[in-house]
Amino acid sequence: MSQTAPDLATALIAENFSRDAPGILHVGGLPLTDLAQNYGTPLFVYDADLLRRAYRALRAAVAGFAEVDYSVKANPNPAVIRVFHEEGAGAEIASGAEFDAALKAGVPPQRILFAGPGKSAADLDRVIGGGIGEIHLENREELFRVATAAERHGTTVRVALRINPGATAQGGAMRMGGKPSPFGFDEEELSEAITAVEGQPRLHLVGLHLFAGTQGLKADTLLGQWAYGLELAAQIAQQTARPLETIDLGGGLGIPYFSGDATLDLEALRAGLPPLIETLRRNPLLAGARVVLEPGRYLAGPAGIYVARVLAVKHSRGSRFVITDGGMHHHLAASGNLGQIVKRDFPVVAVRQGEGATPCTVSGPLCTPLDVLARAAPLPELTEGDLVAVLQSGAYGLTASPTGFLSHPMPAEVLVEGGSARVIRVRGD
Ligand SMILES: Cc1ncc(COP(=O)(O)O)c(C=O)c1O
């Protein structure tokens, strides 16, 4: 499916949400107007059913090949992590605080793995002291820092090597690696890195971690990356002459944000797995390994909506500016300032459907021209007090934003589940 805006927004609403007869957008059966009234704006709303639906769909697609864990960085609210954990997910974390969030959500420490290019001694103490399942090593200094921390705790730590794939991984279906990167050991150093880990009595090398990049919308690209990951896994197992226990193929599964973005075809993903499963089966050193995917965006993104209230509608030299109480301080990604080179609009809609639609700029309350939620959103006539909703906002929203900038309060976060809503972050906290 390939959608263009506003069709993308319309398709997303049809798939995930609904509008009642007067045209008010509902989440999990609840009108967003009521949620905004009850909990104030700006507001993040997440639908637990959609979180579960995404998890189940992906798990079903990769059944027999991989298990699906959740990358906490996408949305670290413990209530969100808990939903995925209830579905069976372990957690991938990138800091000590994310470790605590996962524990708070009920994830057992053995089901948590720690990746990230700069793990501090303090964070290592926290997670090793807390009995973390695995630490994924990304550079030499870290390898020794983890070994020293393990020594301090009088324990052995299960580790995997994160690999930055080499130039050979380029081409064909794969767009990955081959570039200088702060993440992981370069593939060219793999053998040396294995020797270095094996020389550390407090480290137990159990696996490989490959994360090739985020927002992958093509099944064949992902399959190519995963196949390459299995080749690297075989190299590690061959050198250690032990069966590998964990093959972490990362996250990176994408969701449509912009006009022209396709939806990841889970059926194509599923259909491409048999050769990978066969590769594992044929190699006795890999056959017993647990293959893990740890996506964030794919699982959490579609379930979230950011709701902002219109403070003013201004016409300036022929352009319409809808100025809202929400902005880049809560939703940097929608403003196009989180790694987007060409600034394109997220799907943004009016909460109350109106007649007609003309393009307008939706801008936030910050004193910077960067604070724009959409540049050409096709919205109906709006006035002070109306609500606008940014779809696809469940991942890399609030906690990927400069919330301290201009000192506005933190927005509330609300989880809708079973026909009712509950606050999972209090406004201002
Ligand atoms: C190691 C690792 N795992 C998982 C993720 C989650 O990525 P995504 O949200 O694209 O699935 C990231 C994102 O940066 C990552 O660095």
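Miscellaneous remarks
- In the condition set (1) more than 19 Å from Leu58 (Cα to Cα); (2) within 16 Å of the ligand (Cβ to nearest atom), Leu222 is compliant with all but (1).
- Scanning the range 262-289 for residues that are in a helix (DSSP H, G or I), within 28 Å of Ser393 (Cα to Cα) and more than 15 Å from the ligand (Cβ to nearest atom) gives Glu267, Ala268, Arg270.
- With respect to the stated conditions, Lys119 fails to be surrounded by fewer than 24 Cβ atoms within 10 Å (Cβ to Cβ), modelled with pLDDT of 95 or more, among the basic types (Lys, Arg) and in the same structural domain as Trp226 (by TED's automatic domain parsing).
- Complete set of residues in the range 102-122 that are under 15 Å from Gly296 (Cα atoms) and either more than 14 Å from the ligand (Cβ to nearest atom) or in contact with a helix residue (DSSP H, G or I) (Cβ under 9 Å, 6 or more places away or on another chain) (or both): Ala102, Ile112, Phe114, Gly116
- Gly229 being small (Gly, Ala, Ser), within 16 Å of the ligand (Cβ to nearest atom) and assigned to a helix (DSSP H, G or I): yes
- Selection count, the range 232-261, where residues are surrounded by fewer than 24 Cβ atoms within 10 Å (Cβ to Cβ), away from the ligand (no atom under 13 Å from the Cβ), part of a loop (DSSP other than H, G, I, E, B) and of a type in the set (A, V, I, L, M): 1
- Meets criteria (within 30 Å of Ile112 (Cα to Cα), in contact with a helix residue (DSSP H, G or I) (Cβ under 7 Å, 6 or more places away or on another chain) and surrounded by fewer than 22 Cβ atoms within 10 Å (Cβ to Cβ)) for Gly28: no
- Residue satisfying all of: in the range 290-332; more than 16 Å from the ligand (Cβ to nearest atom) and of a type in the set (Ser, Thr, Tyr); farthest from Ala61 (Cα to Cα) among these: Ser316
- Filtered residues of the range 293-339 (kept if over 16 Å from Ala389 (Cα atoms) and among the basic types (Lys, Arg)): Arg297, Lys314, Arg317, Arg320
- For the range 183-219, a tally of residues being polar (S, T, N, Q) and more than 15 Å from the ligand (Cβ to nearest atom) returns 3.
- Residue satisfying condition, being within 15 Å of the ligand (Cβ to nearest atom) and of a type in the set (A, V, I, L, M, F, W, C), within set Ala36, Ala97, Ala60, Ala66: Ala66
- Failed criterion for Pro180 (all others in (1) within 16 Å of the ligand (Cβ to nearest atom); (2) at pLDDT below 90 hold): (1)
- Single unsatisfied condition, Ile128 versus (1) part of a helix (DSSP H, G or I); (2) closer than 30 Å to Ala421 by Cβ: (2)
- Of all residues in the range 262-289 being closer than 17 Å to Arg59 by Cβ and of a type in the set (A, V, I, L, M), the one that is surrounded by the fewest Cβ atoms within 10 Å (Cβ to Cβ): Ala271
- From the list Val349, Val342, the one residue that fits, being within 27 Å of Gly252 (Cα to Cα), modelled with pLDDT under 95 and assigned by TED's automatic domain parsing to the domain that holds Thr41, is Val342.
Table: residues versus (1) without any contact (Cβ under 8 Å) to a residue 60 or more places away in the chain; (2) farther than 30 Å from Gly428 by Cβ; (3) assigned by TED's automatic domain parsing to the domain that holds Glu198.
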site: Thr263; (1), (2), (3): no, yes, yes
site: Arg270; (1), (2), (3): no, yes, yes
site: Ala312; (1), (2), (3): no, no, no
site: His315; (1), (2), (3): yes, yes, no
site: Arg320; (1), (2), (3): yes, yes, no
site: Met328; (1), (2), (3): no, no, no
site: Ala333; (1), (2), (3): no, no, no
site: Leu338; (1), (2), (3): no, no, no
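The values are calculated or read from the model by the stated rules, or taken from the named source; none is laboratory data. Predicted, not measured: the structure shown is a model, and the values here were computed from it. When we count neighbours, we look across all protein chains shown, and the Cβ atoms used for this are built from the backbone with ideal geometry, even at glycine.
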